[in-house]
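First comes the structure, then the notes that go with it.
The values are calculated or read from the model by the stated rules, or taken from the named source; none is laboratory data. Computed from a predicted structure; not experimentally measured. Cβ placement follows ideal geometry from the backbone for every residue including glycine, while neighbour counts extend to all protein chains displayed. Just so you know, the surface numbers come from the protein's heavy atoms only, side chains and all, with ligands and any DNA or RNA stripped out. Shrake-Rupley method; radii C 1.70, N 1.55, O 1.52, S 1.80 Å.
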Amino acid sequence: SWIVRQDMDGVEVRSSASYSDEEGEAPVYRLRVLAPEESREFAEQFFAAHGQTLDESRIDQYENTAFYWSVEGNSLTVDYAGETWSYTDISLAYPEEDGPQPEEGASEADVRDALAQWGTDLPREAVFEEQEDGWYCFTVDEYADENGMLEGVLRCQYMGDAGLGHIVDQILECENYKDFPVISQAEAFEMIREGKFTGWFGEISELNLGS
């Protein structure tokens, strides 16, 4: 909601669009926030699912994030808000000279298959992009279904048949909360004209809302 009315004196608000005066409802989602002990359980289960054991002597829990290691020497970082995480397989991420190397030019299907081995199943709508040094990126932009909404980016370093050296999963999984009433497009346009919105664009004389 707007808190401080913006000064619209001398600002022309332009739009060639036609706005509906029909009100409606829109879904609101909520983000799960882990307690430190829940993040520890996540790490223990994560390592166990991949044949590893949580190293009880190497646990660092902070205000927003926790750092875990497996007995095998691999690391897992867990963010409490959203249960996002990043994993590093030490032997693959920092290989010997004759060990597996990052693979460039991999197909989306190959990278998806490698992620599936870690229990990560991305929606088809996720946008795939190759980056540098064997890194690949999937971007999910407000993908919603009956279970909730996904939003964010997952990056990973693909080492060919050897698997993944790094996984950085910053895709937020938001669960359905409830539907709330929303104002009409026409009312929203009038509120903008009256300066009833948050944020500002600096010194401007015209605000063009497009068509």
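Descriptive notes on the structure:
- Cα gyration tensor shape for the range 17-143, rounded if a/c is under 1.5, else prolate or oblate: oblate
- Remark: the range 1-158 carries 62 Å² of accessible area per residue (probe radius 1.4 Å; ligands, DNA and RNA excluded).
- Taking the range 1-114 and dividing mean pair separation by its residue count, relative contact order in percent (alpha carbons under 8 Å, at least six apart): 17 percent
- Relative contact order (percent, whole number), the chain, Cα cutoff 8 Å, 6+ residue spacing: 33 percent
- Rounded percent of accessible protein surface that carbon and sulfur make up, the chain, 1.4 Å probe: 45 percent
- Distance between the range 35-114 and the range 137-162 - C-alpha centres, whole angstrom: 16 Å
- Cα gyration tensor, the range 70-211 - rounded (a/c under 1.5), prolate or oblate: prolate
- Each residue, V127 and Y177, gets one label point 7 Å from its Cα in the Cβ direction; the gap between the two is 2.7 nm.
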